[in-house]
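Notes follow once the structure below has been shown.
The values are calculated or read from the model by the stated rules, or taken from the named source; none is laboratory data. Given the structure is predicted, the values throughout are model-derived calculations rather than measurements. Heads up, the Cβs are rebuilt from the backbone with ideal geometry, glycines too, and the neighbour counts pull from every protein chain shown.
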């Protein structure tokens, strides 16, 4: 029994031990994790659950970490992460540089590579350094200068500088001992970075030049291998190339060399432009100054400039000789002496710049083509106006009511014409001659002809003609003409001719000429209604006739046929029984002509005289020989008194009309004054007049002024005032005005000052203030600049230099001429 119990306890302990062993953290599992590569695990063993281990960092790293075993899994418990150990700066080597080839910082595992600078070489075995646990391995690399070998020269050559211990960048120079010799080879050499001299050692020889290889050209003349000192070289250039120098090349010693001076070179033919362009000039394309043959450039001139060809734009071409086909520079526009034989001052004419002016005059018989006699230089290089002078001519004038027999249409300077008045006209001034002369300012004054008072002007008859009476000494106010019509026409009245008489300045009796197939005026038919008829009626045209009331006609139409009115004509005859004249009504009239009888249906209207009004029917009618009864009567009334509702009002307003004996009471309306009262209607008139006198309103206002003195009546109403104008304004009159019958007299006007502040510079006036005032009526004298005159007269010793101006209510008056001063050339 005891044995069985012991066996059971041992088995239980073994199971427990096996379970606990299965909960440990294994070393191999920890090492497999790549995150643990920087840790030193050399002393790490399998670890029981709930135990913590501290692990240092591997070689080359600093720090440590703690890990805890938790049921077979490793868990980081803290510590300081492993970081690469720093080696610091690897060190600089003289004449060398380094760069990191592994990693990007000076820490454990980094590597730097050293390189020597140009002209230096590394003399150590290695050029690398690596950051290890103890710091940078190996020694600092060393760079030493590269050396060139010592130079040996012959006896004629002198070395300037030392070739011994020459290193990269050292330069030595050579020259010849004799002045009659020159170097053949380089005059200097330098030691390069490979330890070699840049060229071979030169020698000295007698001065000689050799035939050169000329790009785009060739040596001309007899072939020679070499040339002595002062020999010249002749050569030519290929097409489209030219010699770069104008002088002939000569063999010349220059320091230690024999050279051709100047150097024989051929350069491409090019045309050049000046950049920046000259004033007023621009080029297209812009920004270039060299062009090959056949290339083109557009030259554009600014305003006020032109090219030699007198244009503002021109295309120029580069030619084979390197010159432009035309000028490439713009010049200011100028105008030369016009050399006009008609200008009297041409020998004093100077060349002018654009927009400059020149005063001039013309020879006798000619005048300047502008009124001022000033020529201006224009953009095309000519003077305007063009032409400068024109012949003084006068067109044939149109003289009112006069006839000029001369067939000419234009007259020259100083030529004269004569004229005569038309029939029934006479000279405006009987003391003058009917003549005129062509002058510089046109024709001398021609008064012309006026119609003889009371005379008739010859009429125009369309499609006809007139014949004047041949009688002499006929009074033009009672003259007579005869007229007839052209072929295939006739007068619109009867007959084939007619006569017209001048009566009080008008012709009477002139008919119209109409076609033979047409008819003239309609013949008079008694008792018809007057309507507007035509002067002419066409063939086959029919006109309807209307009889007066109480008349009728069987035929109401009349027709034009082949120039005649067709018969029989309509006849308007009375209808019904006529009436005697209408009965008389006292104080009334009827507005119809008196007749012995009136037709059936005729109506008569009565009208009462003033102050009477009609009662009963105003109109009576003729019916079957009798007037309708009774006729009206006229009764006398008074209307509303004049001024009612305006000057006064009626108290207890009654009817619009009043009978004799009616009385009204009234009172005055403002602004009319009066005591009021009563008035009575007698015989159609108000017996006592209404008296309401007007009161005065406020005095009238004036612009730029106000009234200052006043008089009032007993009621305090202003009845008289005086006015005063604002500063620099002047009243048109000084006396006061009064109020008469409620109306004010016309007040004065305040006349304004004038301002002189804007005369153009071309007026050439001197000492003008920027702003100057003149009161109304004031006069001022303006002065021309020195050398300028207001009125030019080249034949006069003295010219007018001053201009008088006057202020008139805000406007400056100059007289006949604008205040312009001109230069006397």
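Below are the figures for this structure:
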read-out: Output for the range 468-492, where each listed residue is modelled with pLDDT of 80 or more and either surrounded by fewer than 12 Cβ atoms within 10 Å (Cβ to Cβ) or within 18 Å of residue 536 (Cβ to Cβ) (or both); value: 483, 484, 485, 486, 487, 488, 489, 490, 491, 492
read-out: Criterion (more than 26 Å from residue 443 (Cβ to Cβ) and either modelled with pLDDT under 90 or in contact with a strand residue (DSSP E or B) (Cβ under 8 Å, 6 or more places away or on another chain) (or both)) met by exactly one of 368, 409, 378; value: 378
read-out: Boolean, residue 331 is under 30 Å from residue 438 (Cβ atoms) and touching a strand residue (DSSP E or B) at 6+ places or on another chain (Cβ under 7 Å); value: no
read-out: Strands (runs of 3 or more DSSP E) enclosed by the range 180-277 - at least 3 residues per element that are modelled with pLDDT of 90 or more and under 60 Å from the mean Cα position of the chain (by Cα); value: none
read-out: Filter pass, residue 688 being surrounded by fewer than 17 Cβ atoms within 10 Å (Cβ to Cβ), in contact with a strand residue (DSSP E or B) (Cβ under 6 Å, 6 or more places away or on another chain) and either modelled with pLDDT of 80 or more or part of a loop (DSSP other than H, G, I, E, B) (or both); value: yes
read-out: Selection status of residue 425, over 28 Å from residue 398 (Cβ atoms) and either surrounded by fewer than 17 Cβ atoms within 10 Å (Cβ to Cβ) or at pLDDT below 85 (or both); value: no
read-out: Condition check for residue 593: in contact with a strand residue (DSSP E or B) (Cβ under 8 Å, 6 or more places away or on another chain) and part of a loop (DSSP other than H, G, I, E, B); value: no
read-out: Given (1) out of contact with any helix residue (DSSP H, G or I) (no Cβ under 8 Å at 6 or more places or on another chain); (2) more than 30 Å from residue 457 (Cα to Cα), index of the condition residue 396 fails; value: (2)
read-out: Number of the condition not met by residue 372 [criteria: (1) in contact (Cβ under 8 Å) with a residue 60 or more places away in the chain; (2) under 23 Å from residue 286 (Cα atoms); (3) under 32 Å from the mean Cα position of the chain (by Cα)]; value: (2)
read-out: Candidates 431, 437 - the one that is surrounded by 11 or more Cβ atoms within 10 Å (Cβ to Cβ) and farther than 16 Å from residue 501 by Cβ; value: 437
read-out: Selected residue (criterion: farthest from residue 685 (Cα to Cα)) from residues of the range 609-621 that are modelled with pLDDT of 90 or more and surrounded by 15 or more Cβ atoms within 10 Å (Cβ to Cβ); value: 621
read-out: Flag if residue 514 is touching a strand residue (DSSP E or B) at 6+ places or on another chain (Cβ under 8 Å), part of a strand (DSSP E or B), surrounded by fewer than 17 Cβ atoms within 10 Å (Cβ to Cβ) and touching a residue at least 12 places away in the same chain (Cβ under 8 Å); value: no
read-out: Filter result for the condition that a residue is touching a strand residue (DSSP E or B) at 6+ places or on another chain (Cβ under 7 Å) and at pLDDT below 80, over 763, 814; value: 814
read-out: So residue 318, is it farther than 30 Å from residue 230 by Cα, buried (at least 19 other Cβ atoms within 10 Å of the Cβ) and in contact with a strand residue (DSSP E or B) (Cβ under 6 Å, 6 or more places away or on another chain); value: yes
read-out: Test: residue in the range 410-417 that is closer than 30 Å to residue 338 by Cβ and surrounded by fewer than 12 Cβ atoms within 10 Å (Cβ to Cβ); value: yes
read-out: In the range 375-402, the residues that are crowded, with 18+ Cβ neighbours inside 10 Å and under 28 Å from the mean Cα position of the chain (by Cα); value: 375, 377, 383
read-out: Number of the condition not met by residue 701 [criteria: (1) surrounded by 16 or more Cβ atoms within 10 Å (Cβ to Cβ); (2) within 60 Å of the chain's Cα centre (by Cα)]; value: (1)
